[in-house]
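Take a look at the structure set out below.
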Amino acid sequence: MKRDIFTDDHEIFRASARRFYHEEIVPHREEFEAQGFISRSVWEKAGQMGFLCMTAAEEHGGAGASRHYPVIMLEEAAYAGQSGPGFWVHSDMSSTYISAFGTEEQKARWLPQLARGDKIMAIAMSEPGGGSDLAALRTRAVRDGDDYLISGSKIFISNGWISDVILVVARTDPDAGARGLSLFLVEADMPGFRRGRLLNKIGMKAQDTAELFFDEVRVPKENMIGEVNQGFGYLMAELAWERLLIAVQAMAVTERTISDTTEYTNERTVFGNAVSAYQNTQFKLADFAMEARVGRVFLDHCIARSVARDLDPVTAAMAKAWITEMEGRVLDGCLQLHGGYGYIWDYPVARAFADARSQRIVGGTNEIMRQIISRAMPQIVDGYGL
């Protein structure tokens with residue numbers, strides 16, 4: 001299926017990204033899964049290749065590239081069967097806040113290092129007991145002269161184990177709910193900061209995920225991103241892009257798994273016939289192909305809108321929820337067509353199945369996506385023109 005949103009230049013870049021994953025990551029998957037993170041040398045190589053922070057301005061070490069390029073990077077990771085590299089968390093969920101809301105001094109200090117892979121970045125929102133509820137966030141930042149003292153804890157932080165700098169969402173106004181949040185850059189060598197466990201997940205085993213603890217970490221006011229108490233607005237401005245990227249990954253994993261399953265059912269024989277010769281298999285694969293085609297058309301529409309900076313939060317929530325749930329349905333069916341082999345970790349479908357389960361949780365659970373959509377129902381219905 002030709003995708004009109006990409007040009008020949010994009011496809012040349014895609015070939016380069018595909019080669020990188022197959023040379024630098026695929027051969028080492030077992031090693032990375034065993035250690036629970038992608039080695040820093042791979043991050044440095046990605047930086048040398050220009051694969052990090054691509055949308056950052058050229059004067060700050062990026063490529064000034066459109067959002068097409070991080071989409072391609074994420075798709076190619078999924079097509080290669082790799083859920084471990086947290087490049088997109090670093091480049092498109094964390095450093096983007098510096099690009100969008102940071103001072104010139106902050107951009108000049110941080111973005112070149114992040115683009116080179118010299119430093120790795122994470123974003124810390126979720127907390128024990130609070131999950132996706134920003135209004136219930138308890139990590140606090142108290143002004144102390146020219147500094148802030150940050151205390152609290154975070155959990156489920158991607159890149160948390162290997163990060164050098166963390167964008168921390170903290171409460172600066174205890175009485176303002178979600179409207180009393182601010183964003184801070186916490187450096188990993190600051191006294192009072194420590195990492196907890198490297199969390200042992202059921203999937204995405206090469207993607208490091210950690211607990212983080214802050215015990216009156218002294219952070220200079222120069223490390224605040226944007227204005228005090230404006231963090232919620234900044235987060236809302238960027239979350240549509242984050243949620244779209246989750247959908248991008250889910251869609252690519254779905255396509256890869258349908259391809260793998262089609263190949264498997266053609267090769268595997270049962271009762272003297274290829275599994276693909278049975279009508280049940282044919283109908284299942286046809287259903288998967290239909291769902292994937294619908295998802296792909298919708299997603300590429302959303303990508304085009306995001307490139308134009310015209311993707312609204314409601315449509316992004318729809319894409320994130322529908323495509324990740326479609327992914328779950330399709331991968332479950334593909335695993336079933338593999339029979340017992342589908343439950344064996346050596347088979348790509350088993351890893352994809354385990355990895356994909358997180359997609360309905362991260363970036364705001366799909367229940368929260370439905371809350372966002374339901375609040376917009378009057379506008380949605382008005383758009384029907386009835």
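Does anything in the stretch 320-363 have its amide N under 14 Å from the 7 Å Cα→Cβ label point of residue 263, and if so which residues? Counting backbone N atoms under 14 Å from the label point, the list is 347-350.
Remark: spin-label model distance residue 375-residue 49 equals 4.0 nm, labels positioned 7 Å along the Cα→Cβ axis. Backbone geometry of the stretch 25-40 corresponds, through the Karplus equation with coefficients 6.51, -1.76 and 1.60 at θ = phi - 60°, to 3J(HN,Hα) couplings of 10, 3, x, 10, 4, 4, 4, 5, 5, 5, 7, x, 6, 7, 4, 4 Hz, x marking Gly and Pro. Each Lys and Arg contributes +1 and each Asp and Glu -1, all at the Cβ; summed about the Cα centre of the stretch 206-330, the dipole is approximately 440 debye. Measuring r between the beta carbons of residue 289 and residue 12 and using R0 = 30 Å, the FRET efficiency lands at 0.60. Stokes-Einstein diffusion for the stretch 38-81, with the hydrodynamic radius set to the Kirkwood value over Cα pairs and evaluated at 4 °C in a medium of 1.567 mPa s, equals 117 µm²/s. For the chain, the longest principal axis of the C-alpha atoms and the axis of helix 313-337 are separated by about 40°. Between residue 309 and residue 103, the FRET efficiency from the beta-carbon distance, with R0 = 22 Å, is close to 0.50. In this simple spin-label approximation, residue 227 and residue 367 carry label points 7 Å from Cα along the Cα→Cβ vector, and these lie 3.5 nm apart.
Once the piece of chain linking residue 66 and residue 34 is laid out straight, how much longer is it, given 0.36 nm per residue of separation minus the C-alpha distance between them?
Details: separation 32, 0.36 × 32 = 11.52 nm, distance 3.48 nm.
The span from residue 66 to residue 34 would gain 8.0 nm if fully extended.
Computed about the Cα centre, the dipole magnitude for the chain is approximately 660 debye when only Lys and Arg (+1) and Asp and Glu (-1) carry charge, each at its Cβ.
What chymotrypsin sites (Phe, Trp or Tyr not before Pro) in the stretch 331-377 are in a loop by DSSP, with at most 11 other Cβ atoms within 10 Å of the Cβ? Could the numbers behind the result be given before it?
On the way: sites: 341, 343, 345, 353; in loops: 345.
Passing both the DSSP loop test and the Cβ count: 345.
DSSP beta bridges in the stretch 96-209, what fraction antiparallel, as a percent rounded to 5? DSSP beta bridges in the stretch 96-209 are roughly 70 percent antiparallel. Among 175, 287, 9, sorting on how many other beta-carbon atoms sit within 10 Å of each Cβ, with the fewest leading, yields 175, 9, 287. Within the stretch 1-52, all pairs of alpha-carbon atoms sorted by distance into 10 Å bins from zero give the percentages 21, 43, 24, 11. Which parts of the stretch 207-240 would a label at residue 197 reach, counting a residue when its backbone N lies under 13 Å from a point 7 Å out along Cα-to-Cβ? Flagged as within label range: 209-212. Working note: Debye formula, equal point scatterers on the alpha-carbon atoms of the stretch 163-318, no solvent; log10 I(q)/I(0) at q = 0.10, 0.11, 0.17, 0.21 Å⁻¹ is -0.62, -0.71, -1.11, -1.27.
Quick one: grab the alpha carbon gyration tensor of the stretch 1-94, order the square roots of its eigenvalues as a ≥ b ≥ c, and give me rounded if a/c is under 1.5, else prolate or oblate depending on whether a/b is larger than b/c. It would help to have the intermediate numbers written out before the result.
Numbers: a/c = 2.04, a/b = 1.30, b/c = 1.56.
Oblate shape, in that a/c is at least 1.5 and b/c is the bigger or equal ratio.
Between residue 124 and 167, 168, 169, the built amide H atoms are under 5 Å apart, and every one of these is 5 or more places off in sequence or on another chain. Helix 279-307 and the longest principal axis of the C-alpha atoms of the chain enclose an angle of approximately 30°.
Between residue 386 and residue 58, what length in nm is gained on full extension when 0.36 nm per residue of separation is reduced by their alpha carbon distance?
113.3 nm
Let me check against my output: what whole-number percent is the relative contact order of the chain, with C-alpha pairs under 8 Å and at least 6 apart? Relative contact order here is 15 percent.
Residue 152 sits among other residues whose Cβ lies under 13 Å from its own Cβ, and their net charge, with Lys and Arg +1 and Asp and Glu -1, is +1.
Given the peptides 301-307, 328-334, 180-186, arrange them by the average over their residues of other C-beta atoms within 10 Å, most packed first. List each step's numbers first, then the result.
Details: 301-307: 18.4, 328-334: 20.0, 180-186: 23.9.
Descending mean neighbour count gives 180-186, 328-334, 301-307.
Counting every other Cβ atom within 10 Å of each residue's Cβ, 173, 4, 355, 260 order from fewest to most as 4, 173, 260, 355.
Rule-based calculations on the coordinates, nothing more; no lab input. Since this is a predicted model, take the numbers as computed values, not measurements. FYI the Cβ positions are ideal-geometry reconstructions off the backbone, even for glycines, and counts take in every protein chain you see.
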